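This report concerns only the one structure given below.
Nothing in this text is a laboratory measurement; each read-out follows from the coordinates by a stated rule. These figures come from a predicted structure and were not determined experimentally. Using ideal geometry, Cβ is built from the backbone for each residue, glycine included, and neighbour counts are taken over all protein chains shown.
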Amino acid sequence: NGSIKNAQDYAQDLFAHLAVCQQHQAPIKAVQEHAEEIDLDFLSEDLPKLFESMQGAIGRIRGISTSLRTFSRADTKQKVSASLNEGLESTLLILKYRLKANEQRPAIQVTKDYGNLPEIDCFPGQLNQVFMNILANAIDVFDEATQDATFEDLKAHPQVITIQTEVVKNAIEIRIRDNGKGMPETVRAKIFDHLFTTKAVGKGTGLGMAIARQVVTEKHGGHLDVQSELGQGTEFYIRLPLAATDENDLSPGQNQGF
Ligand SMILES: Nc1ncnc2c1ncn2[C@@H]1O[C@H](COP(=O)(O)OP(=O)(O)OP(=O)(O)O)[C@@H](O)[C@H]1O
Ligand SMILES: [Mg+2]
């Protein structure tokens, strides 16, 4: 990054030097011609812009690399204290390219409503994987919807993912909602089963939600559930106790493990 700044300064100096030459020397024909050939005017205008966009790109790469590091933060044998809002953010950043507009649909809108959460002791990498699996499913649904809806339809009825986090009693609650096609009860009932998928061979393995529930309940003593209404959308609900001991399942009533 520092070297781009230097190159920028050098280029500026060279252009300033050229300007001085042009002012104080009768233009030599060959020089004039060459300047036209390389379109010196355009070049001197464009090069600084180019440097700026390089600087911007480096900023973005730095952002991605930071969030990749946060995202994949190695899970040691022990839990570490981590912010779930940050985990959600780094997951979103990794999915950014899938959320972007493409030829079939406008960008997927993400509405965030983050509560002021304390850090909790957890396996952040695994929880990020849970967020990723849930968000990826929502994006899959939105991508699929492009088969029945035109770009204009989708522009008029935007595809939205809503993420909410808050502290409720002694737990953190995370809700991830999409306004996609939803699912019938027959699918909803099996969604956390191993290898259950409605996707084409090669598109889904049917492990995403099974793994998510395992991570939330078995590794974090939490609770993961889903509500869905056909044609309205789907909401995943995660509850993680603020202070839990390992293997301590605080979910109400039935045992959620498999
Ligand atoms: N947000 C959602 N809206 C509608 N249906 C969903 C949603 N999330 C999951 N499903 C349904 O639940 C099924 C199981 O999801 P799961 O993530 O476990 O597997 P998958 O996405 O099919 O495959 P993968 O292992 O690649 O994640 C999906 O095939 C899909 O039918
Ligand atoms: Mg999935």
Practice item. Give me the pairs, please: first residue somewhere in the stretch 86-106 and of a type in the set (D, E, K, R), second residue anywhere and part of a loop (DSSP other than H, G, I, E, B), beta-carbon distance under 6 Å, and either six or more positions apart or on two chains. Key: Lys100/Ala107; Arg105/Thr146
Check your understanding: Do you know which residues across the stretch 127-148 are surrounded by fewer than 16 Cβ atoms within 10 Å (Cβ to Cβ) and more than 20 Å from the chain's Cα centre (by Cα)?
Key -> Gln147, Asp148
Point to revise | Residue satisfying all of: in the stretch 79-126; in a strand (DSSP E or B) and charged (D, E, K, R); surrounded by the most Cβ atoms within 10 Å (Cβ to Cβ) among these | key: Asp121
Review point. Quick one: is Val141 touching a residue at least 40 places away in the same chain (Cβ under 8 Å) and under 21 Å from Gly204 (Cα atoms)?
Key: yes
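A quick yes/no check of all residues on (1) among the charged types (D, E, K, R); (2) in a helix (DSSP H, G or I); (3) loosely packed, with under 11 Cβ neighbours inside 10 Å:
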{"position": "Ile4", "(1), (2), (3)": "no, yes, no"}
{"position": "Ala11", "(1), (2), (3)": "no, yes, no"}
{"position": "His17", "(1), (2), (3)": "no, yes, yes"}
{"position": "Gln22", "(1), (2), (3)": "no, yes, no"}
{"position": "Ala26", "(1), (2), (3)": "no, no, yes"}
{"position": "Ala30", "(1), (2), (3)": "no, yes, yes"}
{"position": "Ala35", "(1), (2), (3)": "no, yes, no"}
{"position": "Phe42", "(1), (2), (3)": "no, yes, yes"}
{"position": "Lys49", "(1), (2), (3)": "yes, yes, yes"}
Point to revise | Subset of the stretch 185-209 (residues that are surrounded by 11 or more Cβ atoms within 10 Å (Cβ to Cβ), more than 7 Å from ligand 1 (Cβ to nearest atom) and under 16 Å from Val141 (Cα atoms)) | key: Arg188
Practice item. Keeping to the stretch 200-232, report how many residues are within 13 Å of ligand 2 (Cβ to nearest atom) and either of a type in the set (S, T, N, Q) or within 25 Å of Val160 (Cβ to Cβ) (or both). Key: 8
Review point. Right, Ile61: within 27 Å of Val160 (Cα to Cα), in contact with a strand residue (DSSP E or B) (Cβ under 9 Å, 6 or more places away or on another chain) and part of a helix (DSSP H, G or I) or not?
Key: no
Practice item. Keeping to the stretch 172-199, report how many residues are within 16 Å of ligand 2 (Cβ to nearest atom) and assigned to a loop (DSSP other than H, G, I, E, B). Key: 14
Check your understanding: What is the residue count in the stretch 131-171 for residues that are in a loop (DSSP other than H, G, I, E, B) and in contact with a Lys or Arg (Cβ under 6 Å, 6 or more places away or on another chain)?
Key -> 1
